[in-house]
């Protein structure tokens, strides 16, 4: 089981252990164009775990141009030992702040990285004077929906493929 001690919320740094017991440190930082390939690999890894339940279909985040995402949207990565192990992409419209994509490499899950990314998204939205944050996830990703609900998110809409959620921040 992973153990971590998180530093102050906005520092984005924590000290933890991989499930295999290797000590590691990680930090959240603003993505740069040089991170595009690493972010792509991280997202591919994270979303590939869901392909079997999707009948082999690829989820949309697996086919995104992450260089364009980094250039056009606020994007953060989690770096550990020189590798990208997590990512967060946000969208800020006039009336709404949204998490467009959030994922953690499966090999690094259980270290608090996902929660730190969620905290970072909430803090960033608050800094921009938003009082709510939105996201959407696939209806078949039940464990993600359950996690978001545990973290205080509420379901506000659902169709045959997507669940839309919001959280007061």
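The values are calculated or read from the model by the stated rules, or taken from the named source; none is laboratory data. Computed from a prediction, not measured in an experiment: that's the story for all the values here. Cβ coordinates were reconstructed from backbone atoms using ideal geometry, including for glycine residues, and neighbour counts include every protein chain displayed.
Of the strands (runs of 3 or more DSSP E) lying entirely inside region 78-164, the ones with 2 or more residues being within 13 Å of residue 28 (Cα to Cα) are found at 83-92, 97-104. Residue under question is residue 112, and the condition is that it be farther than 26 Å from residue 163 by Cβ, crowded, with 17+ Cβ neighbours inside 10 Å and at pLDDT below 95; does it hold? Here the answer is no, as residue 112 does not meet what is asked. Residues of region 125-146 that are under 23 Å from residue 47 (Cβ atoms) and in contact (Cβ under 8 Å) with a residue 12 or more places away in the chain: 133, 134, 135, 136, 137, 138, 139, 140, 141, 145.
If I go through region 148-169 residue by residue, how many of them are touching a helix residue (DSSP H, G or I) at 6+ places or on another chain (Cβ under 8 Å) and surrounded by 15 or more Cβ atoms within 10 Å (Cβ to Cβ)? Count: 4.
Every condition in (1) within 24 Å of residue 159 (Cβ to Cβ); (2) out of contact with any helix residue (DSSP H, G or I) (no Cβ under 9 Å at 6 or more places or on another chain) is met by residue 97 except one, and the failing one is (2). With respect to the stated conditions, residue 58 is in contact with a helix residue (DSSP H, G or I) (Cβ under 9 Å, 6 or more places away or on another chain), assigned to a loop (DSSP other than H, G, I, E, B) and more than 26 Å from residue 126 (Cα to Cα).
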